[in-house]
1. Given a 1.4 Å probe and every protein chain left where it sits, what share in percent of the accessible area of the chain is carbon and sulfur?
2. With no solvent and one point on each alpha carbon, what is the Debye value of log10 I(q)/I(0) for the range 95-152 at q = 0.16 Å⁻¹?
3. Run the numbers on the chain and let me know its relative contact order in percent, using alpha-carbon pairs under 8 Å that are six or more apart.
4. Give the Kirkwood hydrodynamic radius (Å, one decimal) of the range 1-124, defined as one over the mean of 1/r across all pairs of different Cα atoms.
5. Collect residues whose amide H, placed 1.01 Å from N in the peptide plane, falls under 5 Å from the amide H of Ala29; neighbours closer than 5 in sequence don't count.
6. Pull out the extension gain between Leu64 and His42, defined as 0.36 nm times the separation in residues minus the alpha carbon to alpha carbon distance; nm, one decimal.
7. Measure off 7 Å from each Cα along the Cα-to-Cβ vector at Leu22 and Met142, then give the distance between these two points in nanometres to one decimal.
8. Please compute, for the alpha-carbon atoms of the range 53-152, the extent along each of the three principal axes and give them in descending order in Å.
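The values are calculated or read from the model by the stated rules, or taken from the named source; none is laboratory data. Note that the structure is a prediction, hence the values are computed from the model and not measured. Note that each Cβ is placed from the backbone with ideal geometry, even for glycine, and that neighbours are counted across all protein chains shown. Remember, those area values only see protein heavy atoms, side chains included, never the ligands or the DNA or RNA. Shrake-Rupley method; radii C 1.70, N 1.55, O 1.52, S 1.80 Å.
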Amino acid sequence: PNYNSPMQTPVSSLLVAKTSRLHTVDITASVSEAVTVMNENHVGSVLVLNEGSLAGIFTERDVLYRVVAAEKNPHSTSISAVMTRDVVTLSPNSTVEETMSLITDKRCRHLPILQKGRLIGIISSGDVTRWMVRVHRTEAEMLRTYINGSYG
Ligand code: AMP
């Protein structure tokens, strides 16, 4: 990361550090199939694909509001009926700062990354938080070393 301004780091460099693959379901899936994918992979969202391209996102929040509170049967409800269609996305060169603003302003914790319309990854607020903690820890260690005069 850029030492002077870690907030300007492109979001794609956080993606490289991530080992998990993308968790997706087809638009023909039921809610219960989507929830199974989320639970088996311990993730809070799934991306919904229609003929391979991004058609929507479905998260834990949607399970609470649009399924449980709405008293919908997860087995007979199609994911397409309860997903969010208007997906907020990032480009690989979006910065960490822009990512954090979107998470706060749009109130969503999951941001898919598209490169020329093709899905290449997803960043969650948790990923950004873990990365920021690491950056700050490293910076503090460097400053402590410098103050203690161990350089040169
Ligand atoms: P989350 O905080 O990610 O669990 O999502 C909260 C709400 O925003 C849910 O209704 C999601 O479907 C929706 N949502 C999550 N991520 C996105 C996104 N990247 N674009 C649009 N809506 C989203």
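1. Here it works out to 51 percent.
2. Log-scaled intensity ratios, in q order: -0.63.
3. Computed value for the chain: 23 percent relative contact order.
4. Numbers: mean 1/r = 0.0659 Å⁻¹.
Its Kirkwood hydrodynamic radius stands at 15.2 Å.
5. Excluding prolines and chain starts, which carry no amide H, the hits are Ile79.
6. Residue separation times 0.36 nm, minus the Cα-Cα distance, leaves 6.3 nm.
7. 3.3
8. For the range 53-152, the Cα extents along the three principal axes come out at 67, 33, 22 Å.
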